[in-house]
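Remarks on the structure that follows.
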Amino acid sequence: MNEDITIDLKDLCYRILLRWRIILVFCIAGALLGNCVGIFKDYRALNAARSVDPAAKTEAEKQNLESLRAAISEREAGEVDAAVATYRTLRTRFDDLSSYVENSILYNLDSGKVPTYSIHYQVKSGYEAVYPTIASRDYAPDLAHIVAASLGDPGLVSAVGAKAGVDPAYAGELVRAAHDEEESAAFDVMVMGSDREMCEALAPIVKEYITNLMSNLSSEYQGYSLVAVSEGFSFAANDDLRVLDQQVTNDLANTRYSWVNLTTSMTDGQKKYYTAAIDMADEVSSEEAADGNPAVQTQQSLPTISYLHKKLTLIGFVGGGFIICLFIVMLYILIPVVRVKENITEGFSQPVLGTVWALESSKAFLGGIDKWLTRIFYGRESSFEVEKRVEMLCASLRIRLQKEEIGDLYITGASDKNKDLVKAICKGMGKDIKVSSGGSVVYDEKSLQQLSASKAVLFVETAGDSRFDEIQKELELAKQSKVNVMGYVLVIRD
């Protein structure tokens, strides 16, 4: 026997993929385990936070801050204090801008295609100027200006915000009015939203407010009325929004850049004092924001528990698959069994008369995947039915036995998983040749006697089950009994 056994990488990959069911199970188990680890870490962090005494923590931070301040000069400390004050101002500005970017409906719209419901109003009156004497003044332009300027009313803004589902701080910008000319009695109202449905839902609220306001004004300015000349929905370009987008983006970048560069000219001691000071300043700001609101205070002071950790779930999924694949590879390499026909032709210098694919899972649920994998790796040869392969094998054996004038054949092998296939070969050989079969000649004394009484032997081995040492022993016993070795049949099972 050739001691150097070649590892077939193609067959190794095939064997790994053929175990896709158990790999999938391990991947799912790993994903669940990874997510559980994340939840466990959150619980530990929560328990650790609950066990910390806030007063003791604050006192320790103050002592650390004082020690860091004492390590630098008064001038350096003054510079750091000024930088901390600047940081708090910049941080407040940055947080306000970030909140606006996150919550504003208007900011997140496309400035070139803003959903807009437009209404063109006209203030009408019975005023007439009689020349050369003007008896009264036309208040229509003034009324148009008053109505247009009143659209920032808190009541209207609150109603719009409630309907749109946003904070009133971000609702006022959804309603705009345009009254460009002082002497004009006409003005335009634009109601904007995330889509047409929102615009058409907000427009009646604005129209009702304007109608009620004009009704109140008419009691003081008699003879004037407000008419909606035209109205409708469209996607309109908004230059003001485009400018706003650019301005907010620039402000965010500049604010962030400004506070990052506060420590550029500081010494190492100043930087340590600065870092501790802004940490304490951030904690003070959080406490001030939560003052008088226990729910907010608890939420800010304690970490939350997430029941879905995507990163750890993904790591667990990949890790579970890697572990089982590594285990399959180790078994493939370490267990000394036949894997491919080259193990017989090169390892024992014996011919392989045929390879039979007898995948039991091909008839089971989802067995089509196994067939598909087998065909990818071994082509059309693997798709032939077992019966046809047995017929071809028996035909070639009969021809060879007749040429060598051998009248009997004994079929055996190191594996006991091929009884049905052996019976099929015995039946397919016909009546002209005496065919018998038995168990492994290495372990079965009766089978060894039958081998000694035969003139030729055919070994049927199973990939992944027939061991090299057993095959070597079979060959030695066949040579000792002076029996012609016709060759091998390799059976591939899942």
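The values are calculated or read from the model by the stated rules, or taken from the named source; none is laboratory data. Keep in mind that what you see is a predicted model, and the values were worked out from it rather than measured. Cβ placement follows ideal geometry from the backbone for every residue including glycine, while neighbour counts extend to all protein chains displayed.
Quick notes on this one:
- Residue in segment 126-145 that is assigned by TED's automatic domain parsing to the domain that holds L213 and either under 30 Å from N108 (Cβ atoms) or modelled with pLDDT of 90 or more (or both) present: no
- Look at (1) among the hydroxyl-bearing types (S, T, Y); (2) farther than 30 Å from Y224 by Cα; (3) surrounded by 19 or more Cβ atoms within 10 Å (Cβ to Cβ) and you find that T116 fails only one, number (2).
- Checking each residue of segment 23-41 against the condition of being out of contact with any helix residue (DSSP H, G or I) (no Cβ under 9 Å at 6 or more places or on another chain), in a helix (DSSP H, G or I) and over 15 Å from I315 (Cα atoms) gives at least one match.
- Number of residues in segment 170-192 that are free of Cβ contacts under 8 Å to residues at least 24 places away in the same chain and assigned to a helix (DSSP H, G or I): the value is 1.
- Taking the numbered list (1) more than 15 Å from E391 (Cα to Cα); (2) in contact with a helix residue (DSSP H, G or I) (Cβ under 7 Å, 6 or more places away or on another chain) in turn, I425 passes all entries but (1).
- Of the candidates A185, A201, the single residue that is over 35 Å from the mean Cα position of the chain (by Cα) and at pLDDT 90 or above is A201.
- Which numbered condition V227 misses (of (1) without any contact (Cβ under 8 Å) to a residue 24 or more places away in the chain; (2) over 18 Å from Y170 (Cα atoms)): (1)
- Of the residues screened, A277 is one that is over 30 Å from Q122 (Cβ atoms), small (G, A, S), out of contact with any Gly (no Cβ under 7 Å at 6 or more places or on another chain) and part of a helix (DSSP H, G or I).
- Of the candidates A395, A414, A358, A424, the single residue that is among the aliphatic types (A, V, I, L, M) and modelled with pLDDT under 80 is A358.
- Checking L401 against (1) within 13 Å of D432 (Cβ to Cβ); (2) not in a helix (DSSP H, G or I), the condition it does not meet: (2)
- When restricted to residues that are of a type in the set (G, A, S), farther than 30 Å from E231 by Cα and either touching a helix residue (DSSP H, G or I) at 6+ places or on another chain (Cβ under 8 Å) or at pLDDT 90 or above (or both), segment 86-113 contains 1.
- Residue match in segment 239-255 (condition: in contact (Cβ under 8 Å) with a residue 24 or more places away in the chain and of a type in the set (G, A, S)): no
- Out of E476, E405, E470, E461, one residue alone is closer than 16 Å to L353 by Cα and acidic (D, E). It is E461.
- Residue list for segment 149-166, filter: loosely packed, with under 14 Cβ neighbours inside 10 Å and not in a helix (DSSP H, G or I): G165
- Filter result for G223 (farther than 26 Å from S158 by Cβ and out of contact with any His (no Cβ under 8 Å at 6 or more places or on another chain)): yes
- Close Cβ contacts (under 6 Å, 6 or more residues apart or on different chains) running from residues in segment 56-76 that are among the basic types (K, R) to residues that are assigned to a helix (DSSP H, G or I) comprise R69/A77; R69/Y273.
- Check on S440, in contact (Cβ under 8 Å) with a residue 24 or more places away in the chain and not in a strand (DSSP E or B): yes
- Qualifying residue in segment 413-424 (condition: in a strand (DSSP E or B) and hydroxyl-bearing (S, T, Y)): no
- Filtered residues of segment 149-193 (kept if under 28 Å from S98 (Cα atoms) and among the charged types (D, E, K, R)): D153, K163, D167, E173, R176
- Positions within segment 425-435 being in a strand (DSSP E or B) and crowded, with 16+ Cβ neighbours inside 10 Å, in sequence order: V435
- When V386 is tested against the conditions (1) on the phi < 0 side of the Ramachandran plot; (2) modelled with pLDDT of 85 or more, the lone failure is (2).
- Filtered residues of segment 455-477 (kept if surrounded by fewer than 22 Cβ atoms within 10 Å (Cβ to Cβ), outside any strand (DSSP E or B) and out of contact with any Lys or Arg (no Cβ under 8 Å at 6 or more places or on another chain)): K455, F468, D469, E470, Q472, K473, L475, E476, L477
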